[in-house]
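Remarks on the structure that follows.
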Amino acid sequence: METEQTSQVLTSNVRGRAYVQPPIEPDEGEGQANRGLNLRSLGRTVQRQALLIAGVATLVAVGASYLAMQEPPTYEGDFRILVEPVTTEARLSDPLTVTRTDGGVPNRDAFAIDYTTQIQVLLTPRRLNQIVQDVQAQYPDFGYNDLVNGLDVRRLTVEGSPEPTRIIQVSFEGDDPGLVQKVLRVTADRYLEYSLDDRRTRTGEGVRFIEEQLPAVEQRVSQIQDELQQIQQQNGLIDPGTQGGQLSTRIDDIVTLELATDRELQEQQVLFSNLQRQLDNLTPEQAIAASALSEDPNYQALQTQLLTLEGEIATQSSRFGPGSPVLRSLTAQRASIEALLAERTSEVVGPENVGNAQIQAFQNSVRLDLTNQLVTAGNQIDVLQARQREIQASRQQFENQLQQFPGIARRYADLTRELEISTQTLNRLRNQLETLRIESAQTEVPWELISDPLIPRDAQGDPIPQPSRASRIVIAGAAFGLILGTLLALLVERYRNVYYAVDDVQETIPLPLVGVIPFSRGAKQSFDFPSTFSTEEIDDSRLGTASFRESFSDLYSNIRLAEPPIRSVMICSAEPGDGKTTIALYLAQTAAGAGQKVLLVDTNLRLPQIHNRLDLPNTKGLSGLLNNDLVVDDLIQRSTLSDSLYVLTAGPSIPGSARLLGSDRMKSLMDKLENEYDLVIYDTPHLFGLTDASFLTTQVDEILMVIAANKTNRTVADRVISKLSMVRPTGVSLITNYLKESNSPSGSSLNRYQGVAQTRRENPLSNRL
């Protein structure tokens, strides 16, 4: 970030002032966007630690070069194996076509393999140890690790092809061409042998497995068939689905018949009750008896005789007395007829009905017809009740069957499904057994060696070594050295934990930056600044002095352009030695040179420096003013540098004077000085570890905190600013001070910074918010 971008006009202070914001150049916007990536910070670190990074990179590159020179020449050869049939003719001629197809042309899925798994199988220790043993017969020193380190097995791919090939490429690298050729030949033989043995092994194991499983599957099929047959015999099942529907239909028919029977029975019972009521509640048996008695001729003859005799007795009674022989004879006849009538009644209707006047009453044709209907209704009721009992018994039987049928049908279906699965399993096992027996009988090698094991050779037949890896080693070493050097540089800067440049300050501290002070030789000794601010060209020999001067001009412009004006400024720092006193002196001289009446107050009562730098007596000063009733005007001294620059020295050190900076007398004194001078500048002690300057933070218009580049500790500054922000949320700004020439901003950066500052001074209203 350029220097002019770091200078910002003060934003606000405790009294609510609004200050001028400098225009943002396009480069500044880009810098803020890049700041999120923190790449510029890394670039600055690399620039600062370039010697360290270059040294580490050089050392690592030299070491890598030495290792590269020690690399012996290596030789590499390879061979290729086709593991799947490619053409239709090849697939048709493959012996496995008989077992894996139905006689048609097999697709490539019939021969597809998992290449990743297959390659891992080829690289198993068992396969590699066999190769090592064969090679050791000619090369005894050859070991397992040599094979593992030099062998490479992969699926061959062709650049530009959407799919990989069906070829496995095997290569081996070593420093002995004879050994490389031997390893390749043995590996090729072993892999081809493995393809045939693997097929035989897999088919043989499959045959044994199926032969072991077949008896259990056959027994299971037979067991399920027997259980199905038993269920069919016990329940009369042929087709459970059809029979279940028929059973449900039967129950529906029975329910319909039962309802019709109940309805007819109720009708007959109503008819029977009505007929019985019309026949004087005679039972059907009594009604039959009455009908039989009425239709018996002997009973009717006796009844007629009795009626005749009763008439004659009535006639004779009128003529004779009760003892008359005629009446006694007639009475005896009547008794005889009544006895015969009772006897006949007993014979016709039974002795239990003898004497029942309703039975013995005369039955006319109407009563006889009602009697017939009553008997018929009674008989019909008996028939319907018998039918109802039969229907209920049938319904109960079928309902019991229907209730049990789902369980039986479910069991039947489960057994049928199990039988189907077991039968399918049995058929597949038998088919697979036959297939595996055919495959196990094959003797042709499944894989085909399409490229013999060879090492590239030149025209004379000598093996051609692989391109040297020395250049790659050197490049990798140089790259690693750069990375290592950068990491060490980051660690060094992390360990130092300081702000190296103004960009570091802006990226980490969220406060406005109002000034950048470049390094200047003799800045602590010379205060010979001109009283005017010219923009004429300056010779290169005076560039440092001019840049230093213009930086204070820009700082003063930021303060001067504030609205309402800033009347008091506190200049502080986190640590001692950050250059705050020098900045206070030059800022005061700059303001005085601009025609301002300036008062510089040294509040560093512990270690005052202003009087030494300006060669002023310090017998009386601020400490005496706070401890005694002295007149402030008597203690203020005029500086020899400018007629409008006044100084209030710290005075002699008095124990406890530092605490008086927070007293009411100090507050009153600050108000008085602010009213009498255009600008009051307070030079304070450092803030970390001391509370002296804390008393002044709320009494000034603006606080300028000095951050010394390449010196101020980040942690200390963060703590001080955090504590300061709690007391004073606004009105705090930063000044970056360069104490060393090595890291001071370049001349071009300062020229651009000064150009922006000059524009703001010439057009102050255009910069207001």
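The values are calculated or read from the model by the stated rules, or taken from the named source; none is laboratory data. This one's a predicted model, so the numbers in the text were calculated from it and none came from an experiment. Reconstructed Cβ throughout: ideal geometry from the backbone, glycine too, with neighbour counts over all protein chains shown. The accessibility values were calculated without ligands, DNA or RNA, using every heavy atom of the protein model including side chains. Shrake-Rupley method; radii C 1.70, N 1.55, O 1.52, S 1.80 Å.
Taking the Cα atoms of region 602-669, what is the range of coordinates along each of the three principal axes, in descending order and whole Å?
Cα spread of region 602-669 along its principal axes, largest to smallest: 32, 23, 16 Å.
Given the pairs Lys620/Lys672; Lys667/Lys723; Lys620/Lys723; Lys667/Lys711; Lys597/Lys667; Lys597/Lys672, which are separated by over 24 angstrom at their Cα positions?
Long pairs (Cα-Cα over 24 Å): Lys620/Lys723; Lys667/Lys711.
Just the projected area, averaged over all directions, of the convex hull on the alpha carbon atoms of region 124-217: how many nm²?
For the Cα atoms of region 124-217, the hull's average projected area reads 9.4 nm².
Mind ordering 127-137, 595-605 by average Cβ neighbours within 10 Å, highest first?
Per-residue mean Cβ counts within 10 Å order the peptides as 595-605, 127-137.
With label points built 7 Å along Cα→Cβ from the Cα atoms of Asn675 and Gln266, find their separation and express it in nm.
Label-label distance for Asn675 and Gln266, simple model: 12.0 nm.
Quick query: amide H of Ile517 versus all other amide H atoms, modeled in the peptide plane; which residues come in under 5 Å with a sequence gap of 5 or more or a different chain?
For Ile517, the qualifying residues are Thr736, Asn737, Tyr738.
Compare Tyr75, Tyr586 by solvent-accessible area with a 1.4 Å probe and give them largest first, with all protein chains kept in place.
Tyr75, Tyr586
So, in nm, how far is label Leu123 from label Asn400 when the simple model puts each one 7 Å beyond its Cα toward the Cβ?
Modelled inter-label distance: 7.5 nm.
Please state the shape class of region 628-741: rounded when a/c is under 1.5, otherwise prolate if a/b exceeds b/c and oblate if not, all from the C-alpha gyration tensor.
Verdict is prolate for region 628-741.
Students often check this: by mean Cβ neighbours within 10 Å, which of 164-173, 472-481, 213-222 ranks highest, and how do the rest follow?
Order by mean packing, descending: 164-173, 472-481, 213-222.
Could you compute the FRET efficiency for Lys667 and Asn38, with r as their C-beta to C-beta distance and R0 at 41 Å, rounded to 0.05?
0.40
Between Tyr66 and Thr423, 0.36 nm times their residue separation minus their Cα-Cα distance comes to what?
Contour length minus the Cα-Cα distance gives 121.1 nm.
Starting from the 7 Å offset along Cα-to-Cβ, what nm value, one decimal, do you get for the label separation of Asn274 and Asp718?
11.3 nm
Subtract the Cα-Cα distance of Gln232 and Arg389 from 0.36 nm times their separation in residues, and report this length gain in nm to one decimal.
So the chain would gain 53.5 nm between Gln232 and Arg389.
Could you work out the Rg to Rh ratio of region 552-679, with Rh taken as the Kirkwood radius (inverse of the mean 1/r over all Cα pairs)?
Rounded to two decimals, Rg over Rh is 0.94.
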